[in-house]
Amino acid sequence: MNTCGVEIKGSEVLLCLLSKDNDVFDIRDVRQTRFVLSDADDTEQVQKFYRDFKKLMEDYGVDSIAIKGRPHKGKFAGGAVGFKMETALQLIPELDVRILNATTMKEQLKRNPVPIDFEETGLKKFQEQAFITAYVYIMQRTYVKD
């Protein structure tokens, strides 16, 4: 299971690749840990964002993307650019793309806490939420409710 955890902040996609094999997690080194969509009104830029992200997923053999959900309304609501990026990721046909809401993530972390302190992962601080999102998705798939 090779998962890309994603957090969307403004016009940035922050990511972390996490895999699990035989109950062993592996944080994968990746050539690019963030993507920026500077002009979401420019069709060519949106298409380039889509192609570049898709190519990265292909190059690293990713089979699923877990996106940290954002509220649609209220103080912490996501912006239009972020939702465009989210949609572009959802349109990658070869990947299982899931948006995980805050409640789902909290419940899963309560049942299966992250077994390592984030500082020990070797990841950059800005990748923390992407890492947690990938971890939650993998645990959710590992312990599917019947």
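Read the figures in this text as sums done on the coordinates, not as results from a lab. Predicted model only: the values in this text are computed from it and were never measured. Don't worry about glycine lacking a Cβ; one is built from the backbone with ideal geometry, like all the others, and counts go over all protein chains shown.
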Karplus couplings for segment 10-24 from phi (6.51 cos²θ - 1.76 cosθ + 1.60, θ = phi - 60°), rounded to Hz, Gly and Pro as x? x, 9, 10, 10, 9, 9, 8, 9, 9, 10, 9, 9, 6, 6, 10
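When DSSP assigns beta bridges and you keep just the ones with both residues in the chain, what percent turn out antiparallel, to the nearest 5?
Percentage antiparallel, nearest 5: 65.
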Relative to the first principal axis of the alpha-carbon coordinates of the chain, what is the inclination of helix 43-59, with its axis defined by its Cα atoms, in degrees from 0 to 90 and to the nearest 10? 30 degrees
For the chain, whose charge dipole is built from +1 on Lys and Arg Cβ atoms and -1 on Asp and Glu Cβ atoms, the candidate among P93, I116, M105 with its Cα farthest towards the positive end is M105
Which residue, D117, D59, D29, tops the fluctuation ranking in a GNM of the chain built on C-alpha contacts under 10 Å? D117
Compute the acute angle (0 to 90°) between the alpha-carbon long axis of helix 102-111 and the principal axis of greatest extent of the alpha-carbon atoms of the chain; round to the nearest 10°. 20 degrees
What is the magnitude of the charge dipole of the chain about its Cα centre, with +1 placed on the Cβ of each Lys and Arg, -1 on the Cβ of each Asp and Glu, and no other charges, expressed in debye to the nearest 20? 540 debye
Greater than 27 Å apart at Cα, pairs in K68/K110; K20/K48; K20/K125: K20/K48
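Please go through segment 21-74 and write out the trypsin sites (Lys or Arg not before Pro) that DSSP classes as loop and that have at most 15 other C-beta atoms within 10 Å.
On the way: sites: R28, R31, R34, K48, R51, K54, K55, K68, K73; in loops: R31, K73.
Qualifying residues, ordered by number: R31, K73.
Taking N as the number of residues in segment 1-69, what is its Cα Rg relative to 2.2 N^0.38 Å? Could you put the intermediate results ahead of the total?
Working: Rg = 12.9 Å, N = 69, 2.2 N^0.38 = 11.0 Å.
It is 1.17.
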Can you list residues from other chains, or at least 5 along the same chain, whose modelled amide H is less than 5 Å from the amide H of I99? I67
What do you get for chymotrypsin sites (Phe, Trp or Tyr not before Pro) in segment 49-139 restricted to DSSP loop and a cutoff of at most 12 other Cβ within 10 Å of the site's Cβ? F76
Relative to the first principal axis of the alpha-carbon coordinates of the chain, what is the inclination of helix 80-90, with its axis defined by its Cα atoms, in degrees from 0 to 90 and to the nearest 10? 60 degrees
The lysines whose Cα lies under 25 Å from the Cα of K73, excluding any fewer than 8 residues away in the same chain, are K9, K84, K106
In a Gaussian network model over the chain where Cα atoms closer than 10 Å are linked, find which of D52, D63, D21 has the largest mean-square fluctuation. D21
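Could you tell me what fraction of 2.2 N^0.38 Å the Cα radius of gyration of the chain comes to, as a two-decimal ratio?
1.01
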Please compute the net charge surrounding E119, taking Lys and Arg as +1 and Asp and Glu as -1 over other residues with Cβ under 13 Å from its Cβ. -1
